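Taking it in order: structure first as structure tokens, then the write-up.
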Amino acid sequence: MTAVVVVGFFALALLGMPLAFALGFSALAAMWVGDVEWLVFPQRMMYALNAFPLLAIPCFMVAGELMVEGGIMDRLIALANSLVGRVRGGLAHVTVVSAASLAAVSGTAVADATALTSTMLPSLEKYYSRGFGAALIAAAANLGPIIPPSAAMIVYAYMAGPSVSVGALFMAGVVPGIILAIAMMGWSTWVARRENFPPTGDAFSLVRFLATLRRSAIVVAMPVVVIGGIVGGLFTATEGSAIAVVYALVIGVFVTKRVKLSSLPGVLFRAALTTGVVGALIAFASAVTYLLTIDMVPARLAAWVQGVTADPTMFILLVMVVLVIAGMFLESNAAYIMLVPLLAPIAQGYGIDPIYFGFLFVLNLVIGMLTPPVGVLLFVVSSAAGIRIGDLTRHALPFIAIQFAVLALCIAFPAVVTTLPRWLGY
């Protein structure tokens, strides 16, 4: 059955079928070959989706869409500009800081890339090259699934089981996310000096910064309230996501006054579209996971890996190489759903911290969203910016290298990932 699943999935995917349906049809073919009871298929799908933690995904999606629709980007950009605007490469710094701020309310890279392209690219291409500006936006959007809240971390925690706390994964992403943002700003400064890009924005003024911060305070407070409540144990991640929706709706309707009743169907449709894709992947993948378990694939894979190496560090490096390759060819949600149930239990067998392993897993696949040939962020930004994929990829390569360098730093120094969650009691 395993061979049927693997061959069927890749054959259908290469023919252009959406990955979720490729998983579903390959699972049906394997069940027919293996003479498995057909009722198992809908039962596994229903069981996989009937989970309270998964409600956090659509809620965070809606909250992010509401914040973007409510015009928070204007306030975040103004705040970032008042802080870092008037330096060499300042507009690039504003883009990265705005992306980090948006990441703290949206949790997805694609939504962030779309919002940043529409708001920041016109200014970036005015002062910088179009390729550099588009590549910077694509790379900065990757902060979305790293800085909490993160839909990717919710999916990972669900697939990994009770050994992984969503709140702990959220906190694991804070320090690496900050390091990554600083590293991209540093590279942007070097490029700006090399290319002699002009300074932009106004000189730093404490009075202007405080005034802008006061105007943006209600937006900045959202991640503090939501993430703080989750980490503090006041509510679960799912409850926090619902609070985020109400918070975003109140801001959009009563503060910025840009969210109208007529705009809500579009907001809900965009969130439902993304959620539906993730839900279909989870449902169909659960049937595939069931078939692989019948075939004893997890046990055989664990025995094979442990036969190759008994060193936990070597196991992590092997997994990272596998994920780099998977990230180049698979959509990230599909990779989580297919690989987490196989690899997370093996990592536990090696005695690896599940939070540490989970964050490395997520970070690696997040970088895969920027790597060709199937880097989804490259396609999103290329389409929105009207730039060829080849040109965008060429300018994105240094940012991809920076993100892999941060991954290497996290592998070499686990404390970068684990200190904050441990300090908070996870």
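A straight line joining the Cα centroids of segment 374-416 and segment 48-126 runs 17 Å.
For the chain, the mean residue ellipticity at 222 nm estimated from helices alone is -25500 deg cm²/dmol, where every DSSP H run of n ≥ 4 contributes -39500 (n - 2.57) and the total is divided by all residues, rounded to the nearest 500.
Volume of the convex hull of segment 148-261 (Cα atoms only), normalised per residue: 176 Å³. Based on alpha carbons, the Rg and Dmax found for segment 91-135 are 10.2, 29 Å. Residues considered: 286, 26, 163. Largest GNM mean-square fluctuation over the chain, using C-alpha springs under 10 Å, is found at 163. How big, in percent, is the set of alpha carbon pairs in the chain lying more than 35 Å apart? Taking all Cα-Cα pairs of the chain, the fraction more than 35 Å apart is 28 percent. Counted by Cβ distance under 14 Å from residue 135, the other residues give a net charge of 0, where Lys and Arg count +1 and Asp and Glu count -1.
Per residue, the convex hull spanned by the Cα atoms of segment 359-409 amounts to 66 cubic angstrom. Compute the separation of the alpha-carbon centres of segment 284-299 and segment 145-176 and state it in Å as a whole number. Cα centres, segment 284-299 to segment 145-176: 24 Å. Comparing 356, 128, 290 in a Gaussian network model of the chain (Cα springs below 10 Å), the most mobile by mean-square fluctuation is 290.
Each listed q (0.21 Å⁻¹) maps to a log10 I(q)/I(0) for segment 94-217, found by the Debye formula over equal Cα scatterers with no solvent: -1.21. When you count the other C-beta atoms within 10 angstrom of each residue and take the mean per peptide, 359-368, 397-406 line up highest first as 359-368, 397-406.
For segment 239-333, the equivalent ellipsoid derived from the alpha-carbon gyration tensor has semi-axes of 43, 17, 13 Å in decreasing order. In whole percents, the pair-distance distribution calculated for segment 291-347 from its alpha-carbon pairs, binned every 10 Å from zero, is 21, 52, 27, 0. Over all Cα pairs of segment 219-293, how is the pair count split among 10 Å bins, expressed in % and running from 0 up to the last occupied bin? Once binned at 10 Å, the Cα pair distances of segment 219-293 give 16, 31, 32, 15, 5, 0. Note on the chain: with neighbouring protein chains present and a 1.4 Å probe, carbon and sulfur make up 71 percent of its accessible heavy-atom surface. Of the peptides 29-42, 167-180, 57-70, the ranking by mean beta-carbon count within 10 Å, highest at the top, reads 57-70, 167-180, 29-42. Dividing the Cα radius of gyration of segment 16-117 by 2.2 N^0.38 Å, with N the residue count, gives 1.68.
Sorted on the mean count of surrounding Cβ atoms within 10 Å across their residues, most packed first, peptides 208-221, 254-267 read 208-221, 254-267.
Shape verdict for segment 323-426, please, from the Cα gyration tensor: rounded (a/c under 1.5), prolate (a/b greater than b/c) or oblate. Judged from the Cα gyration tensor, segment 323-426 comes out prolate (a/c at least 1.5, a/b above b/c).
Each Lys or Arg adds one and each Asp or Glu takes one away; over the other residues whose Cβ falls under 15 Å from the Cβ of residue 151, this sums to -2. A 1.4 Å probe run over the protein chains yields, for segment 1-155, 36 Å² of accessible area per residue, whole-number rounding.
The values are calculated or read from the model by the stated rules, or taken from the named source; none is laboratory data. This structure is a prediction, so every number in the text was calculated from the model and none was measured. Counting neighbours? That spans all protein chains shown, and the Cβs are built from the backbone with ideal geometry, glycine included. With ligands, DNA and RNA removed, areas are computed over all heavy atoms of the protein, side chains included. Shrake-Rupley method; radii C 1.70, N 1.55, O 1.52, S 1.80 Å.
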